[in-house]
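Read the structure below first, then the notes.
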Amino acid sequence: MIRTRVVSLSVWLALVALALLVVARARYSADLSAFLPRSPSAAQQLLVQQLQDGLASRLILVGIEGADGATRARLSRALATRLRARAEFVSVSNGEDASQDRDREFVFRHRYALSAAVSAERFSIDGLRAAIADTLELVASAAGLSAKSLFVSDPTGETLQVIDQLQGAQPRRESGVWSSADGARALLIGETRAAGSDTDAQAQAIGLIRAEFAGASTATPLQLLLSGPAVFSVDARVTIEHEAVRLSLLSTTLIVTLLLLVYRSLPTLLIGLLPVACGALAGVAAVALGFGVVQGITLGFGVTLIGESVDYSIYLFIQSPQRSLWRTIGLGVLTSICGFASLLPSSFPGLAQLGLFSISGLTAAAAVTRFVLPQLPVTLKVADLAPLGTAAARLLLRLRLPWSVAAGLALACALLLYHDRDRLWNRDLSALSPVSAAAQALDASMRTDLGAPDIGDLVVVNADSEQAALQWSEAVGARLDELVDQKVIAGYDSATRFLPSSRTQDARRASLPAEQPLRSRVAAVAASLQLQPDALQPFVQQLAAARSAAPLTRADLDGTSFALGADALLWQRDGVWHALLPLRASGLAGWGAAGAASDRPADPWAADPIDIDRVRAAVAAVAPGHILVMNIKHELDSLYGGYLSEALHLSLAGLAAIVVLLLIALRSAARAARVVAPLLLAVLVVAAGFALAGTRLTILHLIGMLLIVAVGSNYALFFDRRAAEREPSALPLTLASLLIANACTVIGFGVLASAHVPVLSALGATVAPGTLLALLFAALLAPRRVLAGA
């Protein structure tokens with residue numbers, strides 16, 4: 001006896017130490033790779049890359065409200081200056097005059113490389129005459145102030161041509177800085193150095209903005225508004241952590257209080273929680289060894305799933321630890337393993353990790369309950385719960401549920417679910433979003449005012465080099481220009497508008513005439529237009545310099561607002577260059593306007609849907625295999641829809657495996673049906689309840705249904721054991737243990753159902769009523785003789 005105890009405790013402690021070592025050395029991640037399929041499509045991989053570290057994920061939209069426009073502008077400039085001095089930010093833009101001047105100087109210096117109008121014909125005698133005449137006409141008009149100052153250096157109007165190419169809806173400027181369309185809010189955009197997936201770094205950057213705002217603000221009441229993907233991620237993490245901690249403390253307090261009332265012994269309570277702790281430890285260690293990284297979603301939901309393990313010690317302490325008890329618990333563990341094993345082959349690491357965590361955790365918890373707890377040198381005390389079990393049995397005898405009624409209820413639920421099949425499942429990824437409607441409305445408002453990237457439809461070019469990506473983007477742009485003329489799209493943005501390919505730049509420089517031919521042509525044109533012969537000498541000299549200038553590169557964009565657009569629309573990852581061409585509908589603006597010198601407000605009308613199929617057909621032949629055309633929302637919802645569909649099919653496979661296991665273990669189709677029936681009925685009733693309430697189901701509801709089966713199978717198996725072995729004398733304690741175990745589960749998940757985070761409330765709202773119904777149906781469908789002897 002002593003030797004068995006020493007061996008059991010020694011093996012247990014060694015395994016705990018090993019698991020602690022693995023957990024301590026494990027790598028943990030909170031990024032989105034848990035949602036990336038193991039074999040993703042090109043579109044899916046691109047989307048996740050952008051969500052992880054794309055420019056849009058690194059932008060923080062800043063708004064300042066209160067006081068008057070001049071005060072907001074002063075604070076905007078002060079805040080921008082402070083943030084630009086911090087290493088956490090790559091850039092901070094607020095539309096200040098200095099930034100506008102840099103953009104204009106850049107456009108003027110590189111006008112011949114950037115202007116799409118540059119051609120040999122434009123600089124022929126006839127072309128020069130027409131271009132200079134147009135510029136003179138503009139100079140004579142009321143809007144010709146800018147053209148007049150540039151005339152002697154740029155009489156053909158290339159600077160204004162480039163500005164027109166980049167022109168788009170720009171933020172309104174008030175007191176020299178960006179403001180909202182109604183003038184009530186100053187606006188800034190900050191680009192963080194850290195990737196969007198680095199939530200800790202993003203939280204630090206957001207905290208820095210708040211601290212610098214507080215340090216720069218005056219005594220006048222002003223309000224700071226923040227939005228963007230980084231803000232959403234940080235706020236969501238804080239909200240989930242706060243809710244999880246708050247609800248966990250509340251549910252733990254309630255469960256511990258209940259168990260103390262039941263056990264009336266603190267040592268018994270603490271020992272009863274050992275299987276839970278060991279199960280969670282084993283689950284994390286198994287995932288770390290199996291996947292190399294533990295995802296945050298696994299920890300978040302896996303620890304909740306391990307809650308089933310607290311039931312094992314309750315069964316042990318309240319019921320007598322006879323051999324049949326361990327057989328029942330063991331079979332219950334196997335049914336749970338079958339259910340969660342169905343998640344292991346999932347193509348989504350998040351579900352696969354969840355399956356491995358649950359299997360390892362439940363197995364470890366059951367093993368600790370079976371082989372460790374009985375060996376501990378502690379005297380356990382539990383209150384006499386036989387009267388509770390006896391009273392429950394008498395009540396159940398009066399509340400019998402005929403099998404015909406149960407079958408009718410199941411049929412009614414099934415028919416309801418079939419009738420609502422088209423709207424039963426929510427395949428929209430936003431259903432899981434913890435972002436409030438108010439926060440989403442603020443984000444939409446600030447994006448409209450700023451013209452920040454909120455890409456819906458886009459063309460993606462993938463290439464082996466930067467120049468290939470730019471050249472193919474130009475070819476795609478030519479096809480999109482045709483669609484603009486056909487009014488299929490209102491416009492598009494492309495990095496080539498401020499960073500043309502070297503081939504295009506070479507062609508434009510080659511079309512510029514040499515200095516001597518140019519002088520002759522300019523002299524002839526000047527004479528025909530009655531201009532002084534030497535008036536255009538700066539133009540001749542600067543064009544000659546442009547003809548021999550080095551090609552424009554990405555580095556030349558540094559210090560301008562165009563750099564933000566270049567990084568948003570053109571980047572390299574893992575040796576592949578990606579170029580984005582966002583499509584605009586109904587005149588909506590995008591990143592092509594990032595640095596244009598304009599004070600025009602954004603267009604007020606909403607976009608009409610773009611015919612993606614026509615766009616796809618138009619660009620298909622440009623570079624087969626290298627061009628993607630997609631709608632972001634459709635791709636994200638498709639990704640989540642595939643996630644959900646696969647999980648649903650795997651869960652059905654897991655249910656089939658449970659049925660086969662029960663047929664083998666129980667050696668009776670009738671007994672297997674008696675165990676499975678209350679579980680299926682509970683799942684059907686819960687699902688039908690959601691349908692009647694108008695709640696569409698998500699992946700978390702599905703995981704909750706798996707938990708109903710996992711936990712409820714223990715209840716059904718205990719009633720089956722009593723029916724098969726005819727042990728009515730032990731029924732009161734069995735019923736009492738089931739009631740206490742079920743109460744703990746309902747308390748834990750019932751509290752979770754009150755969470756303000758959809759992913760938490762969906763899980764709780766499914767499991768709490770589902771496990772209660774599983775116990776109730778298992779008892780009501782049990783043979784009458786099982787309850788008669790209590």
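The values are calculated or read from the model by the stated rules, or taken from the named source; none is laboratory data. In this text the structure is predicted, and so the values were computed from the model without any measurement. Neighbour counts are summed over all protein chains in view; Cβ atoms, including those assigned to glycine, are modelled from backbone coordinates with ideal geometry. The protein model used for the area step is the full one, side chains on, heavy atoms only, and it has no ligands, DNA or RNA in it. Shrake-Rupley method; radii C 1.70, N 1.55, O 1.52, S 1.80 Å.
Just a few scattered comments:
- Any chance Ala724 is of a type outside the set (Val, Ile, Thr) and either under 26 Å from Ser342 (Cβ atoms) or under 32 Å from the mean Cα position of the chain (by Cα) (or both): no
- Of everything listed in (1) assigned to a loop (DSSP other than H, G, I, E, B); (2) open to solvent by less than 20 Å² (accessible area, probe 1.4 Å); (3) out of contact with any strand residue (DSSP E or B) (no Cβ under 7 Å at 6 or more places or on another chain), the single unmet condition for Ile489 is (3).
- Near pairs, Cβ below 7 angstrom, 6+ apart or cross-chain, from the stretch 373-390 (touching a residue at least 60 places away in the same chain (Cβ under 8 Å) and of a type in the set (Ser, Thr, Tyr)) to any residue that is in a loop (DSSP other than H, G, I, E, B) and surrounded by 12 or more Cβ atoms within 10 Å (Cβ to Cβ): Thr390/Ala790
- Residue check, Leu21 at pLDDT 90 or above and in contact with a Phe, Trp or Tyr (Cβ under 9 Å, 6 or more places away or on another chain): no
- Glu191 vs. criteria in contact (Cβ under 8 Å) with a residue 40 or more places away in the chain and either at positive phi or not in a helix (DSSP H, G or I) (or both): yes
- Of all residues making up the stretch 54-106, the number that are in a strand (DSSP E or B) and surrounded by fewer than 19 Cβ atoms within 10 Å (Cβ to Cβ): 2
- The stretch 319-333, subset modelled with pLDDT of 85 or more and in contact with a Ser or Thr (Cβ under 9 Å, 6 or more places away or on another chain), residue farthest from Val256 (Cα to Cα): Leu331
- Set Leu628, Leu679, Leu662, Leu648: member being assigned to a helix (DSSP H, G or I), hydrophobic (A, V, I, L, M, F, W, C) and open to solvent by 20 Å² or more (accessible area, probe 1.4 Å): Leu648
- Any hit, the stretch 186-207, residues being more than 29 Å from the chain's Cα centre (by Cα), surrounded by fewer than 19 Cβ atoms within 10 Å (Cβ to Cβ) and small (Gly, Ala, Ser): no
- Listed by first and then second residue, the pairs with beta-carbon distance under 8 Å, at least 6 apart or on different chains, first residue in the stretch 527-542 and at negative phi and free of Cβ contacts under 8 Å to residues at least 24 places away in the same chain, second assigned to a helix (DSSP H, G or I) and surrounded by fewer than 13 Cβ atoms within 10 Å (Cβ to Cβ), are Pro533/Ala527.
- Close pairs (7 angstrom Cβ cut-off, 6 or more residues apart or separate chains): outside any helix (DSSP H, G or I) in the stretch 494-517, polar (S, T, N, Q) and crowded, with 19+ Cβ neighbours inside 10 Å anywhere: Ser494/Ser473; Ser501/Gln471
- Matching residues in the stretch 419-438 - criterion: being surrounded by 12 or more Cβ atoms within 10 Å (Cβ to Cβ), assigned to a helix (DSSP H, G or I) and touching a residue at least 40 places away in the same chain (Cβ under 8 Å): Leu424, Leu429, Ala431, Leu432
- All told, Val522 falls short of being crowded, with 16+ Cβ neighbours inside 10 Å, within 57 Å of the chain's Cα centre (by Cα) and closer than 20 Å to Ala130 by Cα.
- Subset of the stretch 360-418 [modelled with pLDDT of 85 or more, in a loop (DSSP other than H, G, I, E, B) and either touching a strand residue (DSSP E or B) at 6+ places or on another chain (Cβ under 6 Å) or open to solvent by 50 Å² or more (accessible area, probe 1.4 Å) (or both)]: Pro402
- Among the criteria (1) at pLDDT 90 or above; (2) closer than 18 Å to Leu661 by Cβ; (3) not polar (S, T, N, Q), the one Leu343 does not fulfil is (1).
- Among (1) part of a helix (DSSP H, G or I); (2) among the aliphatic types (A, V, I, L, M); (3) at pLDDT 90 or above - the single one Ala579 does not satisfy: (1)
- Gly283 being within 12 Å of Val368 (Cα to Cα), open to solvent by less than 60 Å² (accessible area, probe 1.4 Å) and not hydrophobic (A, V, I, L, M, F, W, C): no
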